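Chemist: Attaching a single structure in structure tokens format; questions to follow.
The values are calculated or read from the model by the stated rules, or taken from the named source; none is laboratory data. The model shown is predicted, which means the values in this text are computed figures rather than measured ones. Methodologically, a virtual Cβ is constructed for each residue, glycine included, from the backbone with ideal geometry; neighbour enumeration extends over all protein chains shown.
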Amino acid sequence: MPGPTESSSGMREPSRPRFAILASGRGSNADALMRAFKRNFIAGEVVALVSNVEGAGVLERAREHGVPGHVVVSKGLTREAHEGALLTVLEKTGAEHLLLAGYMRILSPWFLGRFGGRILNIHPSLLPEFPGLHGAERQWQAGRSVVGATVHFVDGGVDTGPVVLQGSIEVRGDEGPEGLAQRILNEVEHVIYPRAVRLFVERLTKPVET
Ligand code: GAR
């Protein structure tokens, strides 16, 4: 963590933790996070949004929030080459922590080692159930009556790693898999992800107990 910075009043203030958001798609979670940072619900800064997909909708969300957007294409590259390029971009932005928001890539142990314990992810199911793709829709198909989403620390597995926060809703009989996935997004994911990041920041800034 960097040290304190000088404010306009000349007082020394602790610097705010710096985050980069990584996303591959439309970016509704990224949008919810950027809103939460903007209204200071999360006491930190989003220094960059990085997408591995050219033209992804999330880049437009970043523009709307005045967050610098970057594209580090993964298609056609080896994992090593892509992650090397990604790390170079992230180092330039000064990001200390990463928030995966619909980032559809598995990160290698090499990359995870660079950000050990400082990467969060959101997944649309009550993990450890339904990891992997289409978690929300698979909860519908399995006939669950209570479904939800999970924010967790990222480790080397697919949607594994210690859980930070989960949220749940009751399934309605008539909504179908897409309707349910949308309601999980709106009513659970967009609520618990900002809350989980806020908890993460509070833990970072808490005095160490001796
Ligand atoms: C979200 O539902 C997120 O939980 C999921 O991708 C969607 C991205 O939507 N992530 C995973 O499934 C990770 N395994 P968004 O681009 O609108 O945030």
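Chemist: Which one of 192, 184 is closer than 27 Å to residue 42 by Cα and either away from the ligand (no atom under 14 Å from the Cβ) or within 15 Å of the chain's Cα centre (by Cα) (or both)?
Modeler: Unique residue meeting the criteria: 192.
Chemist: Identify the residue in segment 148-167 that is among the β-branched types (Val, Ile, Thr) and in a strand (DSSP E or B) and, among all such residues, is nearest to residue 99 (Cα to Cα).
Modeler: Initially, segment 148-167 is screened for residues among the β-branched types (Val, Ile, Thr), giving 150-151, 154, 158, 160, 163-164.
Next, from what is left, pick out any that are in a strand (DSSP E or B): 150-151, 163-164.
On the way: 150: 13, 151: 10, 163: 14, 164: 13 Å.
Only one residue fits best here, namely 151.
Chemist: Exactly one condition in (1) within 13 Å of the ligand (Cβ to nearest atom); (2) out of contact with any His (no Cβ under 6 Å at 6 or more places or on another chain) is false for residue 156; which is it?
Modeler: Unmet for residue 156, out of (1) within 13 Å of the ligand (Cβ to nearest atom); (2) out of contact with any His (no Cβ under 6 Å at 6 or more places or on another chain): (1).
Residues are listed down the side, and each one gets a yes or a no for (1) within 16 Å of residue 118 (Cβ to Cβ); (2) surrounded by 18 or more Cβ atoms within 10 Å (Cβ to Cβ); (3) of a type in the set (Lys, Arg):
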position: 139; (1), (2), (3): no, yes, no
position: 146; (1), (2), (3): no, no, no
position: 151; (1), (2), (3): yes, yes, no
position: 156; (1), (2), (3): yes, no, no
position: 161; (1), (2), (3): yes, yes, no
position: 164; (1), (2), (3): yes, yes, no
position: 170; (1), (2), (3): no, no, no
position: 185; (1), (2), (3): no, yes, no
position: 202; (1), (2), (3): yes, no, no
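Chemist: Can you tell me which condition residue 54 does not meet? The list is (1) free of Cβ contacts under 8 Å to residues at least 24 places away in the same chain; (2) assigned to a helix (DSSP H, G or I), and all the others hold.
Modeler: Single failed check for residue 54: (2).
Chemist: Pairs, please: C-beta under 8 Å, at least 6 apart or cross-chain, first residue more than 16 Å from residue 189 (Cβ to Cβ) and more than 10 Å from the ligand (Cβ to nearest atom) and in segment 125-148, second of a type in the set (A, V, I, L, M) and modelled with pLDDT of 95 or more?
Modeler: Here the result reads 144/171; 145/171, each pair linking segment 125-148 to a residue that is of a type in the set (A, V, I, L, M) and modelled with pLDDT of 95 or more.
Chemist: Only residues that are more than 11 Å from the ligand (Cβ to nearest atom) and either surrounded by fewer than 19 Cβ atoms within 10 Å (Cβ to Cβ) or closer than 12 Å to residue 62 by Cβ (or both): list them for segment 23-36, please.
Modeler: 34, 35
Chemist: So how many residues does segment 101-117 have that are within 13 Å of the chain's Cα centre (by Cα) and either crowded, with 23+ Cβ neighbours inside 10 Å or over 25 Å from residue 77 (Cα atoms) (or both)?
Modeler: Residues in segment 101-117 being within 13 Å of the chain's Cα centre (by Cα) and either crowded, with 23+ Cβ neighbours inside 10 Å or over 25 Å from residue 77 (Cα atoms) (or both): 3 in total.
Chemist: Which residues, counting only those in segment 70-111, are under 16 Å from residue 155 (Cβ atoms) and in a strand (DSSP E or B)?
Modeler: 97, 98, 99, 100
Chemist: How about segment 112-124: which of its residues are part of a loop (DSSP other than H, G, I, E, B) and within 12 Å of the ligand (Cβ to nearest atom)?
Modeler: Within segment 112-124, 124 is the sole residue that qualifies.
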